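This report concerns only the one structure given below.
Taken together, the values in this text are just the output of simple stated rules run on the coordinates, not laboratory data. Computed from a predicted model, the values in this text were never measured in an experiment. A quick note on method: Cβ atoms are made from the backbone with ideal geometry, for glycine too, and the neighbour counts reach across all protein chains shown.
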Amino acid sequence: MSEGMNQPITIGFYCSSTSWGGLEMNTVRYAGWMKEVGFRVIVYGVRDTPFYRQCAMQGLDIRIVQRNKKYFDVLAARRLARQFQLDEISLIWFRDTRDMDTLGWTKRLTSRSFKLLYQQAMQFGVAKRDVFHTHRFRPIDAWVSTLEFLRDQVETATRFPKQRIHVVPLGVDSSRLRIGEDLRSSARNYYGLQKDDFVFGVLGRLDVLKGQHLAIDALVNLHKLGRKVHLLIVGEPTLNEGDQYAKELRHKVKQCKLEAFVHFHPHSNEVFQFYHAIDVFMLCSKGETFGTVTIEAMANGLPIIGTNSSGTPEILDGGKCGLLVDADDNSAWPQAMMSIMDQPDVARTMGLSAQKRFFANYSKEISVSRMKAIVEQCIA
């Protein structure tokens, strides 16, 4: 993995986002991981954003950029072209479609050619086979879909060359989850849960699209049937988007007199506490492209209940590694929850199958190895 006289290949990670979610988190993760395997890594971000601060905390080499416009920002492209040349960039890696047009213009304006790698973060809502999108996608040298269903969408919804599409699932560093350690007691103390509580868990930003209200509705139904189970909700509202939904969730819990059974906690970097504290993981999102939290739960060997939509069925191997339900079927959620509670042996087998699938497909090591090969092939 060298360029010239054994000099490391320089790759850049570009992200002009001012938000903080899975897209930005995974950009930081992969920048650090590519540095670990020997690349010279430079990140490009907007000053004082969560992305910028996280990169600084990770000790990554940062260049400050201005937040570009979504389309035809030629001035930003010219600035980036000069910076990329100065940094001797061989490849730029990005995830946000908002940056796609600017980076395409940057590549056209750069005399020292660099490759462009797009790691797909979102699925397609409509076909994009028109001249505008075909021109927009043309500068991309490697399009990396995180699941087969996304690759199929790219092939049918665009004119992007099939030979440049790759499928590499996102990876998770299992070491940070402290798998195999007996942390159940301390994790429950951390969240104020009792030893004998049966706990379902939802992890993610508090957003109506994440569906925390579906889990609360299901809990209400279970309590009506005499099943006094608990729900742990960990997450915070999306940055800069208000907290109305979070207030509605808390109001609903209070209205249903479930304050002793629904536990709200903010996001923590010590995410392992969450997985060690719960008995069952729930993914309630109606359209989760790729649920990183789902594969984290799989790594921990937890039984999983997920929505039968978007990327979740593929991640859970068509239901072999978890129960799949229709997000809009109000009766399906409590039924699935009771099924897992009433069949502990089945739930345990499901969790073990999920953990086995994680280490075969979704570990950091597997993902980094595949992405490293794509980067080197691209540059070569």
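For the stretch 265-380, the alpha carbon positions stretch 54, 31, 28 Å along the principal axes, listed from largest to smallest.
Taking every Cα-Cα distance in the chain and sorting them into 20 Å bins from zero, the calculated P(r) comes out as 27, 54, 18, 1 percent.
Amide H contacts under 5 Å for residue 61: 43, restricted to partners 5 or more places along the chain or on a different chain, H placed in the peptide plane at 1.01 Å from N. In the chain, the longest principal axis of the Cα atoms and the axis of helix 22-36 are about 60 degrees apart.
Sorted on the mean count of surrounding Cβ atoms within 10 Å across their residues, most packed first, peptides 71-82, 348-359 read 348-359, 71-82.
Counted by neighbouring Cβ atoms within 10 Å, the residues 27, 97, 294 run from fewest to most as 97, 27, 294. Distance between the C-alpha centres of the stretch 304-380 and the stretch 110-133: 28 Å, rounded to the whole angstrom.
Here's the picture: a label point sits 7 Å out from the Cα of residue 236 along the beta-carbon direction, and within the stretch 180-203 the residues with their amide nitrogen under 17 Å of it are 203.
List the chymotrypsin sites (Phe, Trp or Tyr not before Pro) within the stretch 187-279 that DSSP assigns to loop and that have no more than 11 neighbouring Cβ atoms inside 10 Å.
Answer in residue order: no site qualifies.
Annotation for residue 181 and residue 348: the two label points, set 7 Å from Cα along the Cα-Cβ direction, are 2.4 nm apart. For the chain, the longest principal axis of the alpha carbon atoms and the long axis of helix 74-86 meet at an angle near 80°.
Going highest first, how would you order 40-52, 296-308 by mean Cβ packing within 10 Å?
Values: 40-52: 20.5, 296-308: 24.0.
Put in order of decreasing packing, that is 296-308, 40-52.
Taking 0.36 nm per residue of separation and subtracting the current Cα-Cα distance, fully stretching the chain between residue 70 and residue 47 would add 6.5 nm. Look at the dipole of the stretch 15-158 built from charges on Cβ: of 51, 16, 28, the Cα furthest out on the positive end belongs to 16. Computed from backbone phi with θ = phi - 60° and the Karplus coefficients 6.51, -1.76 and 1.60, the 3J(HN,Hα) list for the stretch 37-46 is 8, x, 6, 7, 10, 10, 9, 10, x, 7 Hz; x is used for glycine and proline.
For q values of 0.11, 0.14 Å⁻¹, compute log₁₀ I(q)/I(0) with the Debye formula on a Cα-only model of the stretch 174-361, without solvent. Taken in order of the listed q values, log10 I(q)/I(0) reads -0.43, -0.72. With the charge dipole of the stretch 174-361 set up from +1 on Lys and Arg Cβ and -1 on Asp and Glu Cβ about the Cα centre, the Cα lying farthest toward the positive end among the listed residues 261, 306, 335 is that of 261. Charge dipole (Cα centre; +1 on Lys/Arg Cβ, -1 on Asp/Glu Cβ; no other charges) of the chain amounts to roughly 1060 debye. For the stretch 168-265, the set of GluC sites (Glu not before Pro) satisfying both a DSSP loop assignment and a count of at most 13 other C-beta atoms within 10 Å is given as 181, 241, 259. Extension gain, residue 57 to residue 228: 0.36 nm times the residue separation minus the Cα-Cα distance gives 57.4 nm. Once backbone amide H atoms are built at 1.01 Å from N, residue 211 has no partners under 5 Å, excluding neighbours fewer than 5 places away on the same chain.
Residue-wise HN-Hα couplings along the stretch 258-271, as the Karplus relation 6.51 cos²θ - 1.76 cosθ + 1.60 with θ = phi - 60° gives them from phi, are 10, 4, 7, 10, 10, 10, 9, 9, x, 4, 9, 5, 7, 5 Hz; Gly and Pro carry x.
With helices as the sole contributors, the chain gives -12500 deg cm²/dmol at 222 nm; each DSSP H run of n ≥ 4 counts as -39500 (n - 2.57), and the sum is divided by every residue. Rounded to the nearest 10 degrees, the inclination of helix 332-342 to the longest alpha-carbon principal axis of the chain is 70 degrees.
Note on the stretch 174-361: with charges restricted to the Cβ of Lys and Arg (+1) and Asp and Glu (-1), its dipole about the Cα centre is near 360 debye.
The gain in end-to-end length when the residue 156 to residue 269 segment is fully stretched comes to 36.8 nm, 0.36 nm per residue minus the alpha carbon separation. The local environment of residue 37, defined by Cβ-Cβ distances under 12 Å, has a net charge of +2 under the rule Lys, Arg +1 and Asp, Glu -1.
Calculate the translational D of the stretch 90-236 in whole µm² s⁻¹ from Stokes-Einstein, where the hydrodynamic radius comes from the Kirkwood formula applied to all Cα pairs, the temperature is 10 °C and the viscosity 1.306 mPa s. The partial results should precede the final answer.
Numbers: Rh = 19.4 Å.
Result for D is 82 µm²/s.
Once backbone amide H atoms are built at 1.01 Å from N, residue 115 has 91, 92 as its partners under 5 Å, excluding neighbours fewer than 5 places away on the same chain.
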